[in-house]
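J.: Structure incoming, see below.
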Amino acid sequence: MRDPRPGLAWSRRRATRRADYATWMASAAWQQRRRQWLASWTARYGHPPTCQACAGPWNLHDGDLHHRSYARLGHETDRDLVPLDRDCHQRLHQILESNPAWGRLGRPQATDLIIARLRHPTSPRPDHEDTNDRR
């Protein structure tokens with residue numbers, strides 16, 4: 001479980017949610033849910049999953065499932081989970097936590113936008129627009 005950013009303290013509610021998350025992620029039930037998710041993905045698409053950011057290989061041993069939402073923690077739907085390799089997952093969290101604006105979008109939308117950015121790193125970014133090009 002990550003610590004709060006330097007200079008920030010977690011509320012009691014946030015600390016409780018993070019502890020619940022850490023407990024769930026360490027559980028045998030989560031490992032079973034990951035296996036169920038993999039079976040569902042493979043049945044739906046007819047092939048193993050790939051990292052949704054870089055299209056690299058994904059498997060239960062080396063891959064992460066990123067939570068698009070924590071609303072159903074412990075009862076996640078397949079749509080709540082996104083396969084990412086560990087490097088892409090770490091980069092997603094670095095971006096997600098780099099600016100409070102991502103949090104204001106809501107986690108599902110922020111996740112989808114960041115993954116799109118990771119997929120196409122050379123595409124123009126709103127936060128790097130040249131102000132002279134605005135009309």
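Matching residues to (1) under 16 Å from the mean Cα position of the chain (by Cα); (2) buried (at least 19 other Cβ atoms within 10 Å of the Cβ); (3) of a type outside the set (A, V, I, L, M):
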position: W37; (1), (2), (3): yes, yes, yes
position: C54; (1), (2), (3): yes, no, yes
position: P57; (1), (2), (3): no, no, yes
position: R72; (1), (2), (3): yes, no, yes
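J.: Now a separate question. State which residue pairs qualify: first residue within 16 Å of D112 (Cα to Cα) and inside segment 61-81, second residue part of a loop (DSSP other than H, G, I, E, B) and small (G, A, S) in any location, beta carbons under 8 Å apart, and separation of 6 or more residues or different chains.
T.: D80/S69; D80/A71
J.: Given the criteria at pLDDT 95 or above, in a helix (DSSP H, G or I) and surrounded by 11 or more Cβ atoms within 10 Å (Cβ to Cβ), does H66 qualify?
T.: Here the answer is no, as H66 does not meet what is asked.
J.: What is the one condition in (1) over 17 Å from the mean Cα position of the chain (by Cα); (2) modelled with pLDDT of 95 or more; (3) charged (D, E, K, R) that R12 does not satisfy?
T.: Unmet condition: (2).
The values are calculated or read from the model by the stated rules, or taken from the named source; none is laboratory data. Keep in mind the model is a prediction, meaning the values are calculated, not measured. Cβ: placed from backbone, ideal geometry, glycine included. Neighbour counts: every protein chain shown.
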